[in-house]
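Undergrad: The structure follows.
The values are calculated or read from the model by the stated rules, or taken from the named source; none is laboratory data. Fair warning: this is a prediction, and the values are worked out from it, not measured in the lab. Cβ coordinates were reconstructed from backbone atoms using ideal geometry, including for glycine residues, and neighbour counts include every protein chain displayed.
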Amino acid sequence: MRKIIICSCFILLCIFGVSAQTDSLKFKIPALDTLAALKYFESKGLKVDSCVNMNLYFEIYKWLNTPYCYAGETAKGIDCSGFSNKIYQSVFGKTLEGGSRDIFTKVKPINIKLAQEGDLLFFKIWKGQISHVGVYLQGRKFAHATTQAGVIISDLDEAYYKKYFYKAGHLLK
């Protein structure tokens, strides 16, 4: 029954498109872009028909390929904590203030095996300190803003991320 409802929702989204608004950006994802989003996520190994929060995926899709900018928070440039904050503001109505270390103090650390869509992932990349954050999707995939490629989706099993992964966390209420 759940799959029928999800598939019906995707069909409606494909026909009518998706609208969303954030503080600094107003987006309209037309039907063709909705199909492109679905195909993109499937190409990344994400099972969109079993996602729990479709808004999360479409919000992330709108930010894909946004260039990296330290302390950036706009479509012209964004960093990892700014990206996570924008996603949380738009999808969950919550504000994540500060950098990745600050955000970590506001989560309950959890085992990565228990991570759910929207949980946060933290990495110790710079000098053994928490210096990067991303948003968990499913199947060990996550969205984040990288210095090299801007906003992308990566896999925790990639050697680089496996090496620096620190903890997953669920935002405290």
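Undergrad: For segment 81-92, name all the residues that are more than 22 Å from ALA37 (Cβ to Cβ) and either in contact with an Asp or Glu (Cβ under 6 Å, 6 or more places away or on another chain) or surrounded by fewer than 21 Cβ atoms within 10 Å (Cβ to Cβ) (or both).
TA: none
Undergrad: So which residues in segment 104-139 are farther than 14 Å from SER81 by Cβ and within 12 Å of the chain's Cα centre (by Cα), if there are any at all?
TA: Answer for segment 104-139, where residues must be farther than 14 Å from SER81 by Cβ and within 12 Å of the chain's Cα centre (by Cα): GLN116, GLU117, GLY118, ASP119, TYR136, LEU137, GLN138.
Undergrad: Then there is this: Could you give me the residue pairs with C-beta distances under 7 Å whose first residue belongs to segment 101-114 and is of a type in the set (S, T, N, Q), whose second residue is in a loop (DSSP other than H, G, I, E, B) and surrounded by 14 or more Cβ atoms within 10 Å (Cβ to Cβ) wherever it lies, and which are 6+ apart or on separate chains?
TA: Listed pairs, sorted by first residue: none to list.
Undergrad: Right, next: Identify, from the list GLU59, GLU42, the residue that is within 13 Å of the chain's Cα centre (by Cα), among the acidic types (Asp, Glu) and at pLDDT 90 or above.
TA: Selected residue: GLU59, the only one of GLU59, GLU42 that is within 13 Å of the chain's Cα centre (by Cα), among the acidic types (Asp, Glu) and at pLDDT 90 or above.
Undergrad: Considering only segment 31-80, state which residues are among the small types (Gly, Ala, Ser) and surrounded by 15 or more Cβ atoms within 10 Å (Cβ to Cβ).
TA: ALA37, GLY72, ALA75, GLY77
Undergrad: Moving on to the next point. Tell me which strands (runs of 3 or more DSSP E) are completely within segment 69-171 and hold 2 or more residues being of a type in the set (S, T, N, Q), within 24 Å of PHE41 (Cα to Cα) and touching a helix residue (DSSP H, G or I) at 6+ places or on another chain (Cβ under 6 Å), or say none if there are none.
TA: Per the criteria, no element qualifies.
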